[in-house]
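Written out below as structure tokens is the structure these notes cover.
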Amino acid sequence: MGRRTILVVEDEMLIGAMIEDALIEAGYRVALLTSGEEAMALLDEAATGFGAVVTDIRLGNGCSGWDVARFARERDLSVGVVYVSGDSGAEWYSRGVPGSLFVQKPFAGSRIVTAVTAALDPTGGSGPRRDVRAPSDQFDNRIRG
């Protein structure tokens, strides 16, 4: 099937690096960005290049994780979404995009891998897997793994 490419948007560098390392170790390719604006620009360029987006809800700039997830879904309805936050998931129930998942901070890297795997295959393995195009070569300098 090939490896999946995940966009991670996390303004706290240590948490972003932990998420990135866990996903790469699990066999995913990862683009790690620290702002919602950067993420939306890359999503606009890449169109359907990402299998899932992992985003902090409260990014330290004008664009929130809610905005990033909605923007990603506008471009590709099949993209999986995993929200992360130190806040409780109560707001996620009303504001999260349909089919999204929530992981509360603090968390282990294995929890993110589990959530991303579930976001990529919401049928739990019982249905067809999505075929997600890999980003073109112009994005390779921003992707590790």
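Let's see how each residue does on (1) surrounded by 14 or more Cβ atoms within 10 Å (Cβ to Cβ); (2) of a type in the set (Val, Ile, Thr); (3) at pLDDT 90 or above:
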| site | (1), (2), (3) |
| --- | --- |
| 114 | yes, yes, yes |
| 124 | no, no, no |
| 129 | no, no, no |
| 133 | yes, no, no |
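Within segment 93-102, can you find the residues that are buried (at least 19 other Cβ atoms within 10 Å of the Cβ) and either modelled with pLDDT of 95 or more or outside any loop (DSSP other than H, G, I, E, B) (or both)?
Within segment 93-102, 101, 102 meet the criteria.
State whether one or more residues within segment 58-68 are of a type in the set (S, T, N, Q), without any contact (Cβ under 8 Å) to a residue 60 or more places away in the chain and closer than 18 Å to residue 102 by Cα.
yes
Taking the condition of being within 17 Å of residue 86 (Cα to Cα) and crowded, with 22+ Cβ neighbours inside 10 Å, how many residues in segment 1-46 meet it?
4
Of a type outside the set (Lys, Arg), within 18 Å of residue 103 (Cα to Cα) and touching a residue at least 12 places away in the same chain (Cβ under 8 Å): which single residue out of 33, 23, 14, 43 fits that description?
Unique residue meeting the criteria: 23.
The values are calculated or read from the model by the stated rules, or taken from the named source; none is laboratory data. Small disclaimer: the values here were computed from a predicted structure and weren't measured. So basically every Cβ, Gly included, is an ideal-geometry build from the backbone, and we count neighbours across all protein chains shown.
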